[in-house]
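Notes to accompany the following structure.
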């Protein structure tokens with residue numbers, strides 16, 4: 001199995017780079033073949049030959065690890081530039097402007113980021129969510145599966161990644177081989193979806209019974225009750241999915 005780390009920061013010895021190194025080390029311990037691409041050194045988007053060579057190399061990978069600090073609430077400039085100039089490899093653009101998964105469809109990816117904000121503040125406000133969302137947006141359109149993510153908070157004047165966070169990164173690397181082989185939609189996700197639907201249905205039925213009890217809607221009448229159920233269920237499920245999407249990233 002081939003796993004490629006992609007570093008989107010000029011500081012190759014910085015905290016984000018250290019996290020990436022630990023994940024790659026864990027993957028190597030699990031038997032994976034790993035390599036590292038430092039965008040600031042090896043990627044010049046103005047040279048098409050380099051873009052093609054990089055795209056060819058990424059096609060051989062089973063998993064990509066994207067490591068970028070959170071700058072101004074998003075990925076670094078070099079990482080964004082990488083996504084933009086490799087767009088034709090990630091997606092195929094149709095005449096209607098639709099993005100279709102292209103050369104990396106079915107591959108897995110991991111997201112790594114860091115920020116100055118502390119763990120408590122990031123937990124409440126989700127400073128790093130936009131960074132993860134930017135990566136997820138590109139990867140989901142490319143048809144790739146998320147295999148994990150890591151965030152390091154409170155990095156102001158920090159020189160080395162704390163031991164606990166290093167262990168987390170190494171452990172993720174070791175698990176990558178199994179996760180990549182397993183693919184995207186697992187039994188765990190089916191169970192999560194089932195649980196979400198079961199809870200939503202129960203709550204909506206309770207709301208509907210309450211509306212009937214106060215005579216807001218008739219207790220009888222199939223179609224009116226069906227219509228009310230569908231509307232409430234849609235609104236409730238949409239809100240729940242929105243909440244899950246917003247809080248679906250690591251924040252500490």
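The values are calculated or read from the model by the stated rules, or taken from the named source; none is laboratory data. Nothing here was measured: the structure is a model prediction, and the numbers come from that model. All Cβ positions, even for glycine, are placed from backbone atoms using ideal geometry, and neighbour counts span all protein chains on display.
Assorted remarks:
- For residue 113, the conditions (1) outside any loop (DSSP other than H, G, I, E, B); (2) out of contact with any strand residue (DSSP E or B) (no Cβ under 6 Å at 6 or more places or on another chain) all hold with the exception of (2).
- Unique residue being in contact with a strand residue (DSSP E or B) (Cβ under 9 Å, 6 or more places away or on another chain) and surrounded by fewer than 15 Cβ atoms within 10 Å (Cβ to Cβ) when the list is 47, 57: 57
- Looking across 165, 209, one residue alone is touching a strand residue (DSSP E or B) at 6+ places or on another chain (Cβ under 8 Å), modelled with pLDDT of 85 or more and farther than 30 Å from residue 88 by Cβ. It is 165.
- Residue count for the range 11-35, restricted to those that are in contact with a helix residue (DSSP H, G or I) (Cβ under 7 Å, 6 or more places away or on another chain), closer than 21 Å to residue 162 by Cα and at pLDDT below 95: 1
- Every listed requirement among (1) surrounded by 12 or more Cβ atoms within 10 Å (Cβ to Cβ); (2) within 20 Å of the chain's Cα centre (by Cα) is met by residue 200 save one, (2).
- Test: residue in the range 123-132 that is surrounded by fewer than 19 Cβ atoms within 10 Å (Cβ to Cβ), without any contact (Cβ under 8 Å) to a residue 60 or more places away in the chain and more than 18 Å from the chain's Cα centre (by Cα): yes
- Of the residues making up the range 100-121, those that are within 18 Å of the chain's Cα centre (by Cα) and crowded, with 16+ Cβ neighbours inside 10 Å are 101, 104, 107, 108, 109, 110, 111, 112, 113, 114, 115.
- All strands (runs of 3 or more DSSP E) inside the range 1-103 with 1 or more residues being farther than 30 Å from residue 116 by Cα and free of Cβ contacts under 8 Å to residues at least 60 places away in the same chain: 33-38, 91-93, 99-101
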